[in-house]
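Read through the structure below, which is laid out as structure tokens, and then see the notes.
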Ligand SMILES: [Zn+2]
């Protein structure tokens, strides 16, 4: 098998238009509701009620136009509607991960139907405190309104990133109590429910006041910053921060425009949102003159149609404001990189500039060509590059798709030449990693052929009429025992072949259930991959297998599942397009590595199939090195 004629299908669901695995069908009405409310606010007609106090003793407060009138209205100190218990998780360390998949190129594709194979998660968890550092982050999110569940998904994305730095606590914003911001190194609030109309403002007055009064960094993302200005007084806000949220809107000239680029630290980052799905970026109304502080424009948004630029993120005093929630429609050179880097300012400002790279060889199985493996090893070893090798310990083709209709299964132990090549690699710079047990599911197309390397192992998927890969949820039999049995079988196959026990894992096609991820966390020191994060995880309620967000990381994180995830943020060399994913060539990988230079201590991590020969590998490595990256081994990534 010199080279290969079919696509690897390795990077599922992350094409330029990929939706990050969010409930696709809800994103459009969510954005539409935002714009509708924003227009009402601009015309002074948005009525914002306060959420009722928990005890019911406080009535609904100030209604009336919350627009620009500065109305330090009758906002009472109201408590939240549904204070859920806080979830504290995470321990120390510094890992990070990356995003993922979900199919869909066409935004009109419905959310994966998903059979909610519900899996319960352990209750609200209090996890061990950070070991070393002492850095702590508070992530506050919205959870009310018709799309309230999106808030938890976004909170998981922010919490995972913050998990690079230390401990993270997540709470619905309604559960905020006075003084809390001062108990954390930094606070992030994700405004995803646009309060107004039938959805009362759930932000406690105490948070509005504390965000202004504290000296600790507060990052406000998206909606409701005007609620803070109204609560503390618009003039007060302006004198404090040099801009006026009550006069800042998502639309300019009656449209959100066509913002396709965000410039940050000299890098041009992409913003690829399908037409009709864009809720816009808030255009902050800066105020200038004596008595107003200087506003630092951290990143600039550019409209592709008009050429107009406006701030994408700004900072003044203790407040950083980001004009949109950046966790949807993410791709490898995306504007989410700005957010990923800005976290350093609040959580680790002394971090020195450092740029490391990582490569792993992918989908190695007992049917791999030992010569191709040795060639890749010789090249990387000659370049003094440490690398990972992702090995599937059992190859199976239950329907004989590539074997003349005759079923075929080959274990590592039955492939002594491959094992010999693997041992050669291990003595020449490689670190062994486990890439599933069989990298396929049962004896069915999932979605392609049922053959090892082609298909999903821990998630079900099919290809729809528009050639999109659609995620269907975990297999019906998914459980802790089922996942553990596959891991145990995989580890046994390595041992039987005389290979060392892998301590790192990559899930086939980057998709598994929350239950599976926890099992993997118990068996491996880290996962090196993109991950799906399911609704229900933060409150510790029943996981909803049909609502999730995919994420990849530019640095190692401790994620909301409590596991260490190492970065993969560039994707892989893929010479052929497949399932509405464009081909991805060395220049594309290098361009994404360049975009990630904006992360001050970031990693450029990609993977490569040895059956493509060493030339594209060499081009990619050379291009990444020329940017100033230094290649390191996988275990270095957690430091
Ligand atoms: Zn794979």
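Restricting the search to strands (runs of 3 or more DSSP E) fully inside region 410-484 and requiring at least 1 residues that are under 27 Å from residue 533 (Cα atoms) and at pLDDT below 95 gives 460-463, 469-473. When we screen 422, 426 for residues that are assigned by TED's automatic domain parsing to the domain that holds residue 381, surrounded by 17 or more Cβ atoms within 10 Å (Cβ to Cβ) and in contact (Cβ under 8 Å) with a residue 60 or more places away in the chain, the only hit is 422. Restricting attention to region 430-444 and to residues that are out of contact with any strand residue (DSSP E or B) (no Cβ under 6 Å at 6 or more places or on another chain) and more than 16 Å from the ligand (Cβ to nearest atom), the residue that is nearest to residue 636 (Cα to Cα) turns out to be 442. The criterion of being buried (at least 24 other Cβ atoms within 10 Å of the Cβ) and more than 13 Å from the ligand (Cβ to nearest atom) does not hold for residue 413.
Got at least one residue in region 603-616 being in contact with a helix residue (DSSP H, G or I) (Cβ under 7 Å, 6 or more places away or on another chain), within 22 Å of residue 555 (Cβ to Cβ) and not in a strand (DSSP E or B)? Spell out the reasoning first.
Of the residues in region 603-616, the ones in contact with a helix residue (DSSP H, G or I) (Cβ under 7 Å, 6 or more places away or on another chain) are 603-604, 606, 608, 610-611, 614, 616.
Narrowing further to those that are within 22 Å of residue 555 (Cβ to Cβ): 603-604, 606, 608.
Filter again for not in a strand (DSSP E or B), leaving none.
Within region 603-616, none of the residues are in contact with a helix residue (DSSP H, G or I) (Cβ under 7 Å, 6 or more places away or on another chain), within 22 Å of residue 555 (Cβ to Cβ) and not in a strand (DSSP E or B).
Among residues belonging to region 451-474 that are within 23 Å of residue 402 (Cβ to Cβ) and away from the ligand (no atom under 16 Å from the Cβ), point out the one that is surrounded by the fewest Cβ atoms within 10 Å (Cβ to Cβ). Taking the candidates together, the pick is 467. Within region 20-32, no residue that is more than 17 Å from residue 551 (Cα to Cα) sits with its Cβ atom under 6 Å from a residue that is modelled with pLDDT of 75 or more and surrounded by fewer than 16 Cβ atoms within 10 Å (Cβ to Cβ) at 6+ positions apart or across chains. Taking the criterion of being surrounded by 13 or more Cβ atoms within 10 Å (Cβ to Cβ) and touching a residue at least 60 places away in the same chain (Cβ under 8 Å), the residues of region 275-309 that qualify are 277, 278, 279, 280, 282.
If you check 559, 516, which single one turns out to be more than 16 Å from the ligand (Cβ to nearest atom), in contact with a helix residue (DSSP H, G or I) (Cβ under 7 Å, 6 or more places away or on another chain) and modelled with pLDDT of 95 or more? Before you say what the answer is, go through the steps one by one.
Working: 516 fails: more than 16 Å from the ligand (Cβ to nearest atom).
The unique qualifying residue is 559.
The strands (runs of 3 or more DSSP E) found wholly in region 193-305 and carrying at least 2 residues that are over 21 Å from residue 346 (Cα atoms) occupy 259-264, 267-270, 296-303. Filtering 386, 366 for residues that are touching a helix residue (DSSP H, G or I) at 6+ places or on another chain (Cβ under 8 Å), in contact (Cβ under 8 Å) with a residue 40 or more places away in the chain and away from the ligand (no atom under 16 Å from the Cβ) leaves a single hit, 386.
Would you check which residues across region 310-325 are more than 22 Å from residue 34 (Cβ to Cβ) and part of a strand (DSSP E or B) and list them? Outline the logic, then answer.
Step one: filter region 310-325 for residues more than 22 Å from residue 34 (Cβ to Cβ), giving 315-318.
Of everything in region 310-325, those that are more than 22 Å from residue 34 (Cβ to Cβ) and part of a strand (DSSP E or B) turn out to be 315, 316.
For region 501-519, the criterion of being surrounded by fewer than 19 Cβ atoms within 10 Å (Cβ to Cβ), in contact with a strand residue (DSSP E or B) (Cβ under 7 Å, 6 or more places away or on another chain) and touching a residue at least 60 places away in the same chain (Cβ under 8 Å) is met by none of the residues.
Do you know which residues across region 346-398 are assigned to a strand (DSSP E or B) and surrounded by fewer than 18 Cβ atoms within 10 Å (Cβ to Cβ)?
Start the filter on region 346-398 by keeping residues that are assigned to a strand (DSSP E or B), which leaves 354-364, 387-391, 394-397.
If the condition is that a residue be assigned to a strand (DSSP E or B) and surrounded by fewer than 18 Cβ atoms within 10 Å (Cβ to Cβ), then 354 is the only one that fits.
The values are calculated or read from the model by the stated rules, or taken from the named source; none is laboratory data. Here the structure is a predicted model, which means the values were calculated and not measured. Note that we place each Cβ from the backbone using ideal geometry, even for glycine, and neighbour counts take in every protein chain shown.
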